[in-house]
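Notes to accompany the following structure.
What follows draws every value from the coordinates through simple rules; no lab data is involved. These numbers come from a predicted model, not from an experiment. FYI the Cβ positions are ideal-geometry reconstructions off the backbone, even for glycines, and counts take in every protein chain you see.
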Amino acid sequence: MAYDGGRPQHMNRYLSRRKFLGLAAAALTGATALDSARSASAARVVDAGPASSYGSEGVYDRFRNQGFFVIRQGKRFLALSAFCTHRKCKLTAEPDRSFLCECHGSTFDPNGKVTAGPAKRDLPVFPVSVNESGHLLVQVPGP
């Protein structure tokens, strides 16, 4: 029987534990990168209409069922997720411009910061831009 590095030759066709773990880690890293690329490509852009239709400061909930709120703060626009970060229940916009999760009682301030749990993470903020036609565009992550 031929030997290579102290091992019988027939044993060299098997992976060592170290090689196996290295290959598994590389595969996992590749799968994670692929998932990230899929998520980015699954994002959709929603035309939220003319920016001029958001004339006053406040929370606009007309896109709540599409997954986001539009907030106007001065000349700045913000889009926040309409789903609680605790269990993905749909949020309600309150008169004081805060957000309430009626499922479990989490609350968020007008910037999406958690003010009461059980939610621990702030609301995701979605990219917003105004196109050359003056329409507000919101980039919403895919499913």
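Once backbone amide H atoms are built at 1.01 Å from N, H135 has A51 as its partners under 5 Å, excluding neighbours fewer than 5 places away on the same chain.
Evaluating 6.51 cos²θ - 1.76 cosθ + 1.60 at θ = phi - 60° for every residue in region 119-129, the Karplus couplings come out as 4, 10, 9, 5, 5, x, 9, 9, x, 10, 8 Hz, glycine and proline recorded as x.
Between the amide H of T115 and those of T107, F108, D109, distances stay under 5 Å, these residues lying 5 or more places away or on another chain, with hydrogens modeled in the peptide plane.
Partners of K75 within straight-line reach, counting aspartates and glutamates whose Cα lies under 14 Å from its Cα and excluding those fewer than 8 residues away in the same chain: E57. Using the Cβ-Cβ distance between S56 and K113 with R0 set to 22 Å, the FRET efficiency works out to roughly 0.45.
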